[in-house]
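Peer 1: Pasting a structure below so you can have a look.
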């Protein structure tokens, strides 16, 4: 009830804001992926931006990026912050890619399929536009309890596997290289992954992303990275992902082509 009261108050305030032409709050019981798809289909404009409810955004930087987009990138996809989901999308492109019925990592799944088809129209800015709100409780317990909660956690794991392409070989790469786990831990987690994916949810095999997203997205993202200072953004916060590349503190750099890594380091090493 408290959540509904907050939504009604928010809707009333936004309707009285002269800068907002139309604002709707729609509640529908469905997966997060279908929720995004519904919002996408109902959007009235030619361009869309997706915002997460548990993230805090820099409104001043967003205003600068919006102005920049209409000046230089209109009709293209402009990604912001890490190899991540925040960005500005032409609605027709977003509709053609679409969101699948996933309850977890649906944004990563969307992004990877977008890059496969429209990498020539996609550019990336290494900016920190937002930060996640610190949520100490298990947010999934807001939606389910007991056996339904267990089912939801299992489904989230499966959806994550679909999105990140966690077929056996890829899961070994993920657990061993990115998470820096021991060989024993890697084998155990990979076996669990194989059991869940291929025995309990064999039907998802045809729709799983064949290439691990954390490799695929990084390559595409960094190949088309932009220098914010060349676009007139003089002072800006660099995304945490790029900082990790500079300090060599992440295993993800192993999957980045050397020429791309050199390009990124040369571009921002004097700006940190």
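The values are calculated or read from the model by the stated rules, or taken from the named source; none is laboratory data. All values derive from a computational prediction rather than experimental measurement. Ideal geometry is used to build each Cβ from the backbone, glycine not excepted, and the neighbour counts take in all protein chains shown.
Peer 1: Of all the residues that make up segment 10-43, how many are more than 22 Å from the chain's Cα centre (by Cα) and at pLDDT 85 or above?
Peer 2: Of the residues in segment 10-43, 0 are more than 22 Å from the chain's Cα centre (by Cα) and at pLDDT 85 or above.
Peer 1: Against the condition at pLDDT 75 or above and out of contact with any helix residue (DSSP H, G or I) (no Cβ under 8 Å at 6 or more places or on another chain), how does residue 163 come out, does it pass?
Peer 2: So residue 163 does not fit the description; no.
Peer 1: Another question, if that's okay. I need a count of the residues in segment 169-197 that are in a helix (DSSP H, G or I) and either modelled with pLDDT of 80 or more or over 27 Å from residue 97 (Cβ atoms) (or both).
Peer 2: Looking only at that region, the number is 16.
Peer 1: Is there any pair linking a residue in segment 23-47 that is touching a residue at least 24 places away in the same chain (Cβ under 8 Å) to one that is assigned to a helix (DSSP H, G or I) and surrounded by 16 or more Cβ atoms within 10 Å (Cβ to Cβ), with Cβ under 6 Å and at least six apart or on different chains, and which?
Peer 2: From residues that are touching a residue at least 24 places away in the same chain (Cβ under 8 Å), the pairs are 32/106; 33/106; 40/94.
Peer 1: Something else now. Could you tell me how many of the residues in segment 139-160 are farther than 24 Å from residue 55 by Cβ and in contact (Cβ under 8 Å) with a residue 40 or more places away in the chain?
Peer 2: The number of residues fulfilling the criteria is 2.
Peer 1: Looking at segment 34-51, which of its residues are surrounded by fewer than 15 Cβ atoms within 10 Å (Cβ to Cβ) and touching a strand residue (DSSP E or B) at 6+ places or on another chain (Cβ under 8 Å)?
Peer 2: Once the filter is applied, which keeps residues that are surrounded by fewer than 15 Cβ atoms within 10 Å (Cβ to Cβ) and touching a strand residue (DSSP E or B) at 6+ places or on another chain (Cβ under 8 Å), segment 34-51 yields 46, 51.
Peer 1: Taking residue 69, is it within 22 Å of residue 227 (Cα to Cα), crowded, with 18+ Cβ neighbours inside 10 Å and without any contact (Cβ under 8 Å) to a residue 60 or more places away in the chain?
Peer 2: Here the answer is yes, as residue 69 does meet what is asked.
One line per residue, one yes/no per condition, for (1) modelled with pLDDT under 90; (2) surrounded by 13 or more Cβ atoms within 10 Å (Cβ to Cβ):
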residue	(1), (2)
75	no, no
79	yes, yes
88	no, yes
108	yes, yes
134	yes, no
145	yes, no
